[in-house]
1. Could you please let me know if residue 297 is surrounded by fewer than 19 Cβ atoms within 10 Å (Cβ to Cβ) and acidic (Asp, Glu)?
2. When residues of the range 47-80 are filtered for being assigned to a loop (DSSP other than H, G, I, E, B) and hydroxyl-bearing (Ser, Thr, Tyr), how many remain?
3. Going through the range 213-240 one residue at a time, which ones are in contact with a strand residue (DSSP E or B) (Cβ under 7 Å, 6 or more places away or on another chain), among the polar types (S, T, N, Q) and surrounded by fewer than 18 Cβ atoms within 10 Å (Cβ to Cβ)?
4. Checking residue 227 against (1) under 29 Å from the mean Cα position of the chain (by Cα); (2) closer than 20 Å to residue 313 by Cβ, which single condition isn't satisfied?
5. Mind counting the residues in the range 86-116 that are polar (S, T, N, Q) and within 16 Å of the chain's Cα centre (by Cα)?
6. Please go through the range 241-279 and give me each residue that is among the basic types (Lys, Arg) and buried (at least 19 other Cβ atoms within 10 Å of the Cβ), ordered by number.
7. Being among the β-branched types (Val, Ile, Thr), at pLDDT below 95 and in contact with a Pro (Cβ under 9 Å, 6 or more places away or on another chain) narrows it down to one of 259, 267, so name that one.
8. Within the range 299-314, is even one residue hydroxyl-bearing (Ser, Thr, Tyr) and over 22 Å from the mean Cα position of the chain (by Cα)?
Amino acid sequence: MKMKNANILACVAISTVVLSGMGITNVKASDDAELSIQKVAEKSLNPEVQNGGKVSDDFQDVSKNNLGYASKFHIFAKEATLNAHTNGNLAVGSLFGNVNFGTNITDEKLLDKDISYVQEVKNMSESSFVSSNDHRTNKVIFGEVNDVELGKDNTSPLVNETPINHLLNNEIFQDKDSNEYLDFDQEFINLESKSAGLVSANSKTITNADFPDQNQRVIDLSDFEVDANNQIVINLDPEVLNASTPLTISGLSADKGGTSIIINVDTKGQNPYVMNSQIKLRFNNGAENPIERPNQETEYFDDNHLLWNFYDSTNTNKQFDGVIEMNNTFQGSVLAPDATINIHHNLDGNIVAEQVNVVGGETHRWDLQDNNNIVTVPEEPGEPDENNEGKEIVDPGFTIDPTPTSPDTDENVDEEDDDDQEIIINGSSEGDLDFDGKEVGISNPNSSIEEKTLSSINGGSGLVPLTNTAQSNNTSSASGLSRLPQAGATSGILMTVAGVIMLGLGIVFKKVKS
């Protein structure tokens, strides 16, 4: 009997030790989880930092723009490395910012807010962004993986312990509560679809053989027909930009509602694809002698209607997923959603790619507009003009704008007003396609139509290359958290083991009693 009692006491003692040990383990896991959650909360949910919201809050309508939301950012990429001056705003997944960036304020004073989004800051220069003034404010949103602290006692805000000297506390925002300001994965799916959709088999393909003088290569837009969307679509053989002599695009409109020019560059499997041609732009502003646009810093974007779409006809999805080497000065927005773009000289426009590396020269923001108009001259009441009935007025160098604006005003031409233009056919509204390809009804509340004053082109070459800064070797990601223990699962295991032990004790007691 004593032996049986001893066995029972041993079982109870062992059970107590097991339960105690499991209890300690569970408490420790719970404490670790709470500490980890608290650390994350302190790092990414700083209550003093404002929620950045959604990109659609800041840009209400981009449905008429081939680049969608990317048209509102100078560099739009999953990853960007800046080693030379970048004059423009960013929307990037990961940033290696070894030099300053931001849209400089010019004498034009047309941009009233500069908006940037950086999901993960790998490193960033203290002099990044452009300080606000009476004409300009900033909104900068950081992803939740960054440690964001507001400045105290007249000190600068901190991002991952780096002071950001050009931003005020009320200009800093952050993703919160799993909200992302911008979904890069979805946006790049949209951009890939757009890039493939822009490729046209019916458009003329230009090769070097089409230029009688290889030293004077000119694409004259007056030689091309404008389509129903007020666009000219041109296909370019890869050899054209491979050549080292300049390529001039002549006949562009400086009008806000001017004809859009889409140049599809087929790389045909070349990787890397090397762009050696200096791009020159001539604007037909109603004068006999066109005005040539230099590379320049500007806040005036109404005259950018040029989109270069880089694709690869040898790929089934038409996407070019290699490297593009920009080895000469370039003008016009660039769409290459699966590519890596290395920029070695000045480039003006939007730069849309999976990875963007600003190696040399400098880049200048110049937002693609694409809010072109097709307008019929209104008829006087009671006096219809049978000769003009049903005809569209379309001219790549001259467009009638139903809502004229002047570059001399302080209006911010880069914000929502850019997308408020309407397409009018025969005095009535015509549907336009939004970014997802759905038809959207558009109406024109204006009863009168006036001719828009053409923009003047600013002087200055902007072609002074900067000394490259050595690229940072810090490529470490922000530390992520492994999956935390689930309290419900741990408690369930504990209860199951306790039940088995109690059942065993019950059987032992029953045998002892019998």
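1. Considered against the rule, which asks whether it is surrounded by fewer than 19 Cβ atoms within 10 Å (Cβ to Cβ) and acidic (Asp, Glu), residue 297 comes out as no.
2. 1
3. 222
4. Looking at each condition in turn, residue 227 falls short on (2).
5. Within the range 86-116, residues that are polar (S, T, N, Q) and within 16 Å of the chain's Cα centre (by Cα) number 6.
6. Listed by number, the list holds a single entry, 256.
7. Unique residue meeting the criteria: 259.
8. yes
The values are calculated or read from the model by the stated rules, or taken from the named source; none is laboratory data. Predicted, not measured: the structure shown is a model, and the values here were computed from it. Methodologically, a virtual Cβ is constructed for each residue, glycine included, from the backbone with ideal geometry; neighbour enumeration extends over all protein chains shown.
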